[in-house]
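Colleague: One structure, as structure tokens, below. Some questions next.
The values are calculated or read from the model by the stated rules, or taken from the named source; none is laboratory data. Keep in mind the model is a prediction, meaning the values are calculated, not measured. Note: ideal-geometry Cβ built from the backbone for every residue, glycine included; neighbour counts use all protein chains shown. Protein only, heavy atoms only, side chains kept; ligands, DNA and RNA dropped before computing areas. Shrake-Rupley method; radii C 1.70, N 1.55, O 1.52, S 1.80 Å.
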Amino acid sequence: MKKVVMLALFVFSAASAGAQGAPSADEAATASLIQQTCAACHPIGQVTNAHKSREDWGATLDKMIGFGAQISDRDYDVMLDYLAGHQGMEKK
């Protein structure tokens, strides 16, 4: 019985610790938007392995729009904020 209680406490603690680092619903939605938009043309690793300044991410989004990526003004701003914050130069 003691082992069962200890196991339950361990599982609960691990789940709680994992939840603290979980992305917010907005972050998850933006990550999904980036996945859908970028992976339509190339492997998503091309994005997740890149680390650029905010300015460079903006230039990349502009270039992709020039190639035909369908990104609304609202999505552009959200994607740029996410990429600069999660895939920025300081995240190397």
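Colleague: Farther than 18 Å from residue 89 by Cα, open to solvent by less than 50 Å² (accessible area, probe 1.4 Å) and either under 15 Å from the mean Cα position of the chain (by Cα) or modelled with pLDDT under 95 (or both): does that describe residue 50?
Modeller: no
Colleague: Same structure, new question: List the number of the failed condition for residue 46; all other conditions in (1) assigned to a helix (DSSP H, G or I); (2) within 22 Å of residue 22 (Cα to Cα) hold.
Modeller: Condition (2) is where residue 46 drops out.
Yes/no per residue for (1) surrounded by fewer than 10 Cβ atoms within 10 Å (Cβ to Cβ); (2) outside any loop (DSSP other than H, G, I, E, B):
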{"residue": "56", "(1), (2)": "no, yes"}
{"residue": "60", "(1), (2)": "no, yes"}
{"residue": "64", "(1), (2)": "no, yes"}
{"residue": "69", "(1), (2)": "no, no"}
{"residue": "75", "(1), (2)": "no, yes"}
{"residue": "80", "(1), (2)": "no, yes"}
{"residue": "84", "(1), (2)": "no, yes"}
{"residue": "90", "(1), (2)": "yes, yes"}
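Colleague: Next question. Is one or more of the residues making up region 53-63 aliphatic (A, V, I, L, M), within 20 Å of residue 29 (Cα to Cα) and within 14 Å of the chain's Cα centre (by Cα)?
Modeller: To start, the set of residues in region 53-63 that are aliphatic (A, V, I, L, M) comprises 59, 61.
Checking the rest, the ones that are also within 20 Å of residue 29 (Cα to Cα) come to 61.
Imposing the further condition that a residue be within 14 Å of the chain's Cα centre (by Cα) reduces the set to none.
Checked against the condition, which is being aliphatic (A, V, I, L, M), within 20 Å of residue 29 (Cα to Cα) and within 14 Å of the chain's Cα centre (by Cα), region 53-63 yields no hits at all.
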